[in-house]
1. For the stretch B:48-63: of the residues being in contact with a Ser or Thr (Cβ under 7 Å, 6 or more places away or on another chain) and at pLDDT below 95, which is surrounded by the most Cβ atoms within 10 Å (Cβ to Cβ)?
2. Quick one: in the stretch B:100-124, which of the residues that are within 22 Å of A:Ser23 (Cα to Cα) and among the charged types (D, E, K, R) is surrounded by the fewest Cβ atoms within 10 Å (Cβ to Cβ)?
3. Could you say which residue among B:Leu85, B:Leu45, B:Leu136 is more than 16 Å from B:Cys19 (Cβ to Cβ), at pLDDT 90 or above and within 14 Å of another protein chain (Cβ to nearest Cβ)?
4. When the residues of the stretch B:112-129 are narrowed to those that are part of a loop (DSSP other than H, G, I, E, B) and touching a residue at least 12 places away in the same chain (Cβ under 8 Å), which ends up nearest to A:Glu96 (Cα to Cα)?
5. Within the stretch A:3-18, is even one residue closer than 23 Å to B:Asn61 by Cβ and of a type in the set (A, V, I, L, M, F, W, C)?
6. Mind listing just one residue for me: the one in the stretch A:50-100 that is modelled with pLDDT under 95 and more than 14 Å from chain B (Cβ to nearest Cβ) and, of those, surrounded by the fewest Cβ atoms within 10 Å (Cβ to Cβ)?
7. Scanning the stretch B:107-131 for residues that are under 14 Å from the mean Cα position of the chain (by Cα) and among the acidic types (Asp, Glu), which turns out farthest from the other protein chains (Cβ to nearest Cβ)?
8. Among the residues of the stretch A:1-33, which ones are within 23 Å of B:His109 (Cβ to Cβ) and of a type in the set (A, V, I, L, M)?
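The values are calculated or read from the model by the stated rules, or taken from the named source; none is laboratory data. This one's a predicted model, so the numbers in the text were calculated from it and none came from an experiment. Ideal geometry is used to build each Cβ from the backbone, glycine not excepted, and the neighbour counts take in all protein chains shown.
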Amino acid sequence: MKMLSQDETLRVSEVPELGAANSNDFRDQIRAALTERQKNIEIDLSQTTYVDSCGLGALIALHKTACSRKGALKLLKPLPSVQQILELTRMHRIFEIVKG
Amino acid sequence: MPEAASPSRSAVLRLTLACQFGEVRRAARAVCEFLRERGCGAEQLMDCQLALVEACNNAINYAGKSASGDPIVVEANCGPEDIELRIIDHTPGFEWPAQVKLPDSETEHGRGLFLIQSVMDHADYVRAPGGNTLVLRKKRRATE
């Protein structure tokens, strides 16, 4: 996983999978990397081939973290399989999703 | 991990995995490969993988200390008409709700059963003293 701090936004990329085995670490690493002034989180999902309900839980937790700082969580370029899970669970209504 | 595979029209793969999250993806990949080799399409593979992972994650979450040493058994039966997945756990089990609903959008847990029911055609959870069995079925369609 790669994280890049830029002004008020933390950009996350190179996340191969987001499931039960790594979702807690994923959430905790991103929270720990946020600086005091950062309120937005952008997660590039273009390389994420797999997300399960635990991965969704981590995204919801990060969404709440960003909202508590008056910012937003943005998901970039999810693959069709991941987009399907976001839509099935209606998460596409709460996350800002930028399609590739 | 694989124990048996039949070359007949209806082939069965049986896997035994430790009650750990790290084992689940490995088992799901093995089941996907097994189904792919038998001509299942990409959409079916994706759905079966998701349902299997959610079922195994659920079994691990419910294991508690008493059952965490017991393995989870996964059986994949690929017939000409449908795919059947069986997930056998040794947890206290739970009551499968009559109607599976999504939790509130801010809730971080509780979407596994909803996803299973959304992507499979049939789901039945049978509790028994020797082990609980979740039976999942999906109709096969032409390879995409």
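1. Looking only at the stretch B:48-63, we keep the residues that are in contact with a Ser or Thr (Cβ under 7 Å, 6 or more places away or on another chain), and these are B:54, B:59, B:62-63.
Next, from what is left, pick out any that are at pLDDT below 95: B:59, B:62-63.
Numbers: B:Ala59: 25, B:Tyr62: 15, B:Ala63: 19.
Once the filter is applied, the top-ranked residue is B:Ala59.
2. Top of the filtered list is B:Asp104.
3. Details: B:Leu85 fails: within 14 Å of another protein chain (Cβ to nearest Cβ); B:Leu136 fails: within 14 Å of another protein chain (Cβ to nearest Cβ).
The match here is B:Leu45.
4. Looking only at the stretch B:112-129, we keep the residues that are part of a loop (DSSP other than H, G, I, E, B), and these are B:120-121, B:127-129.
Imposing the further condition that a residue be touching a residue at least 12 places away in the same chain (Cβ under 8 Å) reduces the set to B:120-121, B:127.
Numbers: B:Met120: 28, B:Asp121: 31, B:Arg127: 41 Å.
The extreme case among them is B:Met120.
5. Yes, the stretch A:3-18 has at least one match.
6. That would be A:Lys99.
7. Residues of the stretch B:107-131 under 14 Å from the mean Cα position of the chain (by Cα): B:112-126.
Imposing the further condition that a residue be among the acidic types (Asp, Glu) reduces the set to B:121, B:124.
Details: B:Asp121: 15, B:Asp124: 20 Å.
Ranking the candidates gives B:Asp124 first.
8. The answer is A:Met1, A:Val12, A:Val15, A:Leu18, A:Ala20, A:Ala21, A:Ile30, A:Ala32.
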